[in-house]
Structure formats: C-alpha cells, structure tokens
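One structure below.
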Amino acid sequence: MAYLFKYYARIYDRFMRRFKLDTNEVLLESLGELKGKRILDLGGGTGTLADKLQHMGGDVTLIDPQKEMTAIAKEKNAYLTIYNETLEEVLQHNEVAPFDIVVIRDALHHISNQQEIIRQVALCLTEEGILVISEFNIRHIKAMCIWCFETLCFERCHMFTMESLLNLCSPYFKNQEIRPISAFEMLYKGEKKNV
C-alpha cells in the first residue's frame, strides 16, 4: 500500500472526485443516527468519510498506516482521533475499543490478511456493533480498471464479488445484507455475532 498512497496522497481526493469514486451518500444513509456513536473508519486515508461522520455527530477514530494520507485528514478535521498504525497495533497499544460501528470504505481490498482483519473488527465492536463495508465489485469493468491501475502502482489488491465478501464476513457477522450501490460498487452491512 505504500507506493500508491505515499506518492499520490496530495492528489488522491481530486482523483476520487474526478472519477466519481468518492460518493458516500448511500453508505451514510445506511448508518442511521450517529449522534453519540463511537465509529472506527478503518483505512480512512485522507479522512473524507471520517470528516462527514464526525459532522453527523459521531465520535470518530480513523486508523490508516499511511502518514501522507492521514496528514490530509488532520488538515480537514482536527477533531478526529487518528492512528498511523494497523488495527492490530492500535488494539494492542491503545484503549480505543469498543466501537458501535466500523466502516471500511474502499480499503479492504488493500489488506493482505482479510480474514484476520475481519476477526479483529469483530473483536473491537460492541455486542450490538455493526460493520459496514463499501467495496468495488470485481465483476464490473470499472472495478477491473481500478484493480489494473492499483496493480501497476505496485499495490497488492484482492477485489471481491458480492458472494466472496459475504463469505469473508459470515463467520463473525449475522443479519448480513449486501447490495449494489452503483454499477461497480457494493455495500455490505452486518451485525456482530456474539460467539
């Protein structure tokens, strides 16, 4: 993840707007009332989503190991709690959990051990906590182009289909819903299983 987000951090938001990859409306609507909720934006990068979540009343923590990206998030909103570590590192060294909501927006495909990160997410949620994931659907040509671009920028990516994302989350989450939110993106929502 280092090359792409280290060297393109300053143009990332413009790139996302230019190619209409930064729409958060459906994701935000799926969360309902946020006032007083503890929210983790995992892989939150430049903080665009975290800023919106905080302005909607959430107590937002952003975790992203890429300092160049989170420096921009700090410029956008000084009230965000930001950690430049992995989720595992943050959970070991900080008193951050539990969260009511964990949001992963277009970041899960960059994480190498996805099963482990989903397990860690379940551990840091409250008993009634929810996970919301917005990801590209590899079955669409635009998602394939994104995969090609990121791969050419030396990124390791593992994109999803709707079925593979459900299968990844099902050991730890119940009442799962997944639906397309555009021709190339999908939205997953699941409630923590108390196992």
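Since every read-out is calculated from the coordinates, none of them should be taken as a lab result. The shown structure was predicted, so the numbers you read here are calculated from the model rather than taken from an experiment. Heads up, the Cβs are rebuilt from the backbone with ideal geometry, glycines too, and the neighbour counts pull from every protein chain shown.
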Fill in: Spin-label model distance (nm) - Ser112 vs Glu25, 7 Å beyond Cα toward Cβ
3.9
Practice prompt. Just grab the label-to-label distance for Lys35 and His158, each label 7 Å out from Cα along the Cβ direction, in nm (one decimal).
Written response: 4.1
Fill in: Calculated FRET value between Glu85 and Ala183, using beta carbons and R₀ = 30 Å, to 0.05
0.30
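Cross-link list Lys37/Lys189; Lys37/Lys174; Lys35/Lys174; Lys37/Lys67: which exceed 22 angstrom alpha carbon to alpha carbon?
Over 22 Å Cα-Cα: Lys35/Lys174; Lys37/Lys67.
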Response to the item:
Hits in region 95-111: amide N under 16 Å from the 7 Å Cα→Cβ extension of Glu191, namely 100-102
Discussion item. Please compute the modelled spin-label separation between Lys174 and Leu123, points set 7 Å along Cα→Cβ, answer in nm with one decimal.
Written reply: 2.2
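Taking the highest mean first, how do the peptides 105-114, 75-84 order by number of other beta carbon atoms within 10 angstrom per residue?
105-114, 75-84
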